[in-house]
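Below is one structure; the comments refer to it alone.
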Amino acid sequence: MFEGNGWLTYKDNNQSFSLSGEIREDLNLSIGVSGELTDIASYLHIPYFPLHGHASLTGEISGTVEKPVVSGVVMMPKGVVKDVFFDSITADLSFTEGMLQLQPVTLRRDDAIYKMNGNIHFRSPGFKDPYFELTGEITQASPKDIVSIFYNILPLDMKTDGHIKFSGDSKDLLFIADLRASPGSMYGQSFDDGRINLSINRERIIFDNVTLKKGKDILSGNGWIGFMIK
């Protein structure tokens with residue numbers, strides 16, 4: 001058995017890190033971490049959620065040597081997820097034994113706010129084979145932006161407030177949304193405001209309940225539109 005404490009720093013053109021703390025005799029960890037990354041993608045690669053951008057981080061490593069827990073806050077002044085650009089991304093994260101906890105992650109794009117909570121469970125080493133269990137709230141946000149990260153770009157041009165949910169793996173990912181929409185258009189049909197309950201999987205978008213208002217007219221209905229699978 002052993003015990004040690006102290007600090008360590010490392011810096012090159014792509015990253016800088018500082019660690020300070022101790023490994024106690026019982027092999028429990030108490031280590032503070034801070035750093036800067038030129039591109040977070042060098043360290044964190046989540047399939048179907050490719051995140052890029054400069055990041056600063058602060059946190060700690062706790063738990064034991066055999067089962068460490070890494071937790072902290074990642075801040076990005078700019079960020080890109082797939083081809084969607086965000087003005088800022090702030091993530092309160094915890095990772096242990098193949099489970100990444102988001103508590104929460106907040107993405108901002110102009111006046112839009114996307115806030116996500118939940119877990120991503122990696123069923124294979126190296127951040128592979130993720131299973132998503134995420135819920136969130138969006139404010140003055142375009143559902144097209146967040147949906148296009150996981151699916152095709154859909155003609156949903158509107159600002160919405162509401163609740164969203166992602167569940168499943170890359171082959172069977174389900175998106176569910178309950179949205180209140182301001183003036184916009186959906187599949188080329190313009191409206192003044194609306195209430196939209198929808199779900200999306202790899203095969204289709206399902207409109208469970210839609211009510212759209214345009215002037216004095218009100219249109220209600222449900223249905224689905226299939227995707228062309230290549």
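Read the figures in this text as sums done on the coordinates, not as results from a lab. The shown structure was predicted, so the numbers you read here are calculated from the model rather than taken from an experiment. As a convention, Cβ positions derive from the backbone with ideal geometry for all residues, glycine included, and neighbour counts pool all protein chains shown.
Sorted on the mean count of surrounding Cβ atoms within 10 Å across their residues, most packed first, peptides 107-118, 211-222 read 107-118, 211-222. Annotation: extensible slack from Ser182 through Tyr48 equals 45.3 nm (criterion: 0.36 nm per residue apart, minus Cα-Cα distance).
Along the Cα-to-C-beta direction of Asp172, a point sits 7 Å from the Cα; which residues of the stretch 112-137 have their amide N less than 14 Å from that point? So the set is 131-132. Estimated from helical segments only, the mean residue ellipticity of the chain at 222 nm is -1000 deg cm²/dmol, where each DSSP H run of four or more residues counts as -39500 (n - 2.57). Each peptide in 182-189, 93-100 was scored by the mean count of other Cβ atoms within 10 Å over its residues; highest first, the order is 93-100, 182-189. In terms of Cα atoms, the Rg and Dmax of the stretch 141-230 work out to 12.8, 43 Å. Relative contact order of the stretch 13-171, taken over Cα pairs closer than 8 Å and 6 or more residues apart, is 14 percent. For the stretch 20-79 versus the stretch 154-230, the inter-centroid distance based on Cα atoms is 36 Å. What the Cα atoms of the chain give is an Rg and a Dmax of 21.0, 77 Å.
The lysines within cross-link reach of Lys144, meaning a Cα-to-Cα straight distance under 22 Å and a gap of 8 or more places when in the same chain, are Lys78, Lys82, Lys115, Lys159, Lys165, Lys171, Lys213, Lys214, Lys230.
The Kirkwood radius of the stretch 35-108, taken over pairs of alpha-carbon atoms, gives through the Stokes-Einstein law at 37 °C and 0.692 mPa s a diffusion coefficient of 256 µm² s⁻¹. Show me, bin by bin at 10 Å from 0, the whole-percent P(r) of the stretch 65-158 based on Cα pairs. Result returned by the calculation: 15, 43, 32, 9, 1. Between Ser199 and Asp110, what is the FRET efficiency for a Förster distance of 25 Å, r being their Cβ-Cβ separation, to the nearest 0.05? Once rounded, the FRET efficiency stands at 0.40.
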